[in-house]
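Some notes on the structure that comes next.
The values are calculated or read from the model by the stated rules, or taken from the named source; none is laboratory data. No experiment lies behind these values; they were computed from the predicted model shown. All Cβ positions, glycine included, derive from the backbone under ideal geometry; neighbour counts span all protein chains shown. When the accessible area is computed, the model is the full protein with side chains, heavy atoms only, and any ligands, DNA or RNA have been set aside. Shrake-Rupley method; radii C 1.70, N 1.55, O 1.52, S 1.80 Å.
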Amino acid sequence: MTKPKALSQSYWELSAQQTYAAEIRKTLAERYVSPPLAYVHSFGCQQSVYDGERFKGLLAELGYGFTDEIRRADLILYNTCAVRENAEQRVFGNVGALKGLKKNKPGLIIALAGCMTEQQQVSEKLKMSYPYVDLVMGTNAFARLPELLYRVLIDGKRSIRRDPAGDLTLYEEVPVLHESRHKAFVPVMYGCDNFCSYCIVPYVRGRERSRLPDDVAREVEKLVSHGCREVTLLGQNVNSYGKGLQEPCDFADLLRRINAIPGDFRIRFMTSHPKDCTPRLLDAMADCEKVCRHLHLPVQSGSDRILQAMNRHYDLRHYEQLLAYARQRMPGLSVTSDIIVGFPGETREDFEQTLELVRRVRYSALFTFIYSKRSGTAAEKLPDPTPAAEKSKWFRELLEVQGAIGSELLQGYVGQTLRVLAEEEGRTPGTVSCRTDDNTIVEVAAPPERIGEFFKVRITEAMNWALRGEVTG
Ligand code: 5AD
Ligand code: SF4
């Protein structure tokens with residue numbers, strides 16, 4: 001597939017958006033005595049969470065403050081996910097509940113963004129059945145937020161924009177309001193060209209385009225200089241990073257480049273596609289001391305027949321060979337995966353092959369999903385005779401098998417001393433929740449002032465979902 005020319009450009013050089021932004025700031029200052037408040041909530045994957053942080057960054061530039069209380073908000077923005085139907089239902093439910101709020105607060109602006117809004121039928125439904133939604137903006141329209149908001153706020157018109165194939169510009173220096181000071185998502189590429197037969201993402205996020213390595217490195221350097229301790233490099237398929245760049249640089253090169261940035265921080269990345277995950281990348285991972293010993297390698301199914309129907313372009317032999325190499329290069333590597341249960345035509349036999357794979361690989365954790373039919377995808381047209389109740393039964397079985405493996409693996413940590421990053425206050429008062437290099441949660445007794453620090457803990461106990469430990473240094 002020929003790569004689109006994705007241009008990299010500094011966001012604030014977009015003079016039209018600058019002009020709209022200035023007008024919005026002026027209008028808000030006239031209309032409100034203190035800064036108006038925005039409530040922003042993101043559904044879905046890490047990319048969507050990042051997009052939400054970027055919306056917050058832009059809204060802050062436009063003069064908004066933020067609230068977690070929806071009733072206090074002057075602008076409500078739901079950043080949506082389209083990967084499964086139940087996520088969409090939730091959004092429609094939440095938006096439906098805003099109707100009354102809007103009636104009592106006529107100046108309230110209701111905005112929807114993200115993957116779900118890029119689907120034509122959703123955008124039509126919002127247009128026709130949700131007239132109180134003022135602004136709808138697809139994933140590739142985020143850069144026009146000032147302009148679209150201007151239309152609502154100043155012209156008093158509804159603003160609806162979807163165009164998944166549209167603006168593929170790689171905007172740099174977009175303001176981002178990171179949820180955490182110590183951890184940050186850093187996108188390295190956008191879009192997806194894989195067209196797995198069940199997946200809506202390539203239709204709503206458009207074609208793959210990679211940021212320039214210099215731009216990624218500059219962003220990481222800046223984050224680290226501001227105290228960030230962990231960056232997660234994001235892409236729908238990071239292993240195809242670099243295709244279409246003028247200066248050759250693949251994801252292995254990029255990892256080495258980011259690893260060479262001075263500072264005490266660690267690097268995670270997601271998501272890897274097994275078809276593009278190479279020994280070269282695993283070598284880079286093994287060589288880079290800042291890269292965490294955790295590989296998220298979604299397999300989706302343990303049946304070659306189903307993998308083929310999913311258009312995944314690998315078989316189990318390839319997948320398991322990759323894992324064997326990865327584990328040989330990085331002993332103790334933690335491996336996680338995504339699995340879909342109940343893909344159209346999946347039989348009990350296919351499902352049992354998935355269970356066998358899960359038992360063989362011994363994943364640290366699994367993200368499991370029941371297949372959800374997505375309009376416009378290739379799998380939509382496949383016969384799907386297995387009853388929903390049967391799929392749910394398989395799903396529970398898979399959770400049980402994985403639950404037992406996960407608990408056994410956690411037991412294996414007891415007695416070890418590990419370096420962790422303190423991330424947030426723990427569930428138990430007086431504790432902080434930390435994460436090991438291999439992504440396991442450890443709860444330790446420590447004051448909240450230590451959040452954002454690395455320290456050593458001795459693991460004392462394994463619970464069902466995490467570990468307990470005590471600080472040793
Ligand atoms: N139904 C169920 N799960 C899906 N995923 C993607 N599309 C679907 C779908 N239509 C899962 C895949 C992917 C993860 C992000 O979501 O497992 O890796
Ligand atoms: Fe969807 Fe496959 Fe692309 Fe992942 S790689 S976003 S599952 S099409």
Quiz item: Stretched out fully, how many nm does the piece from S407 to D167 gain, at 0.36 nm a residue minus the Cα gap?
Solution: 81.8 nm
Quiz item: Under a 5 Å amide H to amide H cut-off, with H placed in plane at 1.01 Å, what residues pair with S8 once short-range neighbours are removed?
Solution: L170
Exercise. Mind putting together the pair-distance distribution for the stretch 179-324? All Cα pairs, 5 Å bins, whole percent per bin, short to long.
Key: 2, 10, 18, 21, 19, 15, 9, 4, 1, 0
Quiz item: Using Cα pairs under 8 angstrom and six or more residues apart, how large is the relative contact order of the stretch 14-102, in percent?
Solution: 32
Practice problem: Quick one: grab the alpha carbon gyration tensor of the stretch 362-464, order the square roots of its eigenvalues as a ≥ b ≥ c, and give me rounded if a/c is under 1.5, else prolate or oblate depending on whether a/b is larger than b/c. | Solution: prolate
Self-check item: For the stretch 114-174: rounded, prolate or oblate by the Cα gyration tensor [a/c cutoff 1.5]
Solution: oblate
Practice problem: State to the nearest 20 debye the size of the charge dipole of the stretch 312-383 about its Cα centre, where the only charges are +1 on K and R beta carbons and -1 on D and E beta carbons. | Solution: 240
Quiz item: What Kirkwood hydrodynamic radius do you get for the chain when you take the inverse of the mean 1/r over all pairs of distinct Cα atoms, in Å?
Solution: 23.8
Practice problem: Give me the lysines in straight-line cross-link reach of K183: C-alpha distance below 30 Å, same-chain residues under 8 apart excluded. | Solution: K56, K222, K243, K275, K290, K456
Quiz prompt | Relative contact order for the stretch 346-408, counting Cα pairs under 8 Å that sit 6 or more residues apart, in percent | solution = 55
Quiz item: Once a ≥ b ≥ c are taken as the square roots of the eigenvalues of the Cα gyration tensor of the stretch 1-125, is the result rounded (a/c under 1.5), prolate (a/b larger than b/c) or oblate (a/b not larger than b/c)?
Solution: oblate
Practice problem: Please work out how much length the chain gains when fully extended from K393 to D283, using 0.36 nm per residue of separation minus the C-alpha to C-alpha distance, in nm with one decimal. | Solution: 35.6 nm
Quiz item: Under a plain spin-label model, where a point goes 7 Å from the Cα along Cα-to-Cβ, how far apart in nm are Y32 and K381?
Solution: 4.9
Exercise. Would you kindly find the accessible area of M330, with a 1.4 Å probe and non-protein molecules such as ligands, DNA and RNA excluded, rounding to the nearest 10 Å²?
Key: 0
Practice problem: Starting from the Cα-Cα distance between E356 and R90, subtract it from 0.36 nm times their residue separation and give me the gain in nm to one decimal. | Solution: 92.4 nm
Quiz item: For the chain, what's the relative contact order in percent, using C-alpha pairs closer than 8 Å and at least 6 residues apart?
Solution: 10
Quiz item: Check V40: other-chain or 5+ apart residues with amide H under 5 Å from its amide H, H built from backbone geometry?
Solution: T67, L77
Exercise. Could you work out how far helix 213-225 tilts from the main Cα principal axis of the chain, as a 0 to 90 degree angle to the nearest 10?
Key: 90
Self-check item: Cleavage-rule hits (trypsin sites (Lys or Arg not before Pro)) in the stretch 372-427: DSSP loop, at most 16 neighbouring Cβ within 10 angstrom
Solution: K373, R427
Practice problem: Would you please name the chymotrypsin sites (Phe, Trp or Tyr not before Pro) within the stretch 185-220 that are DSSP coil residues with at most 15 other C-beta atoms within 10 Å of their C-beta? | Solution: F195
Quiz item: Got a sec? What order do H296, H178, H313 fall in by accessible area at 1.4 Å, biggest, i.e. largest, first?
Solution: H313, H178, H296
Quiz item: Any number yet on Rg/Rh for the stretch 99-246, C-alpha, Kirkwood?
Solution: 1.02
Quiz prompt | Rounded to 10°, Cα long-axis angle of helix 388-411 versus longest principal axis of the chain | solution = 60
Self-check item: Span from the the stretch 299-317 Cα centroid across to the the stretch 83-101 one, whole angstrom
Solution: 33
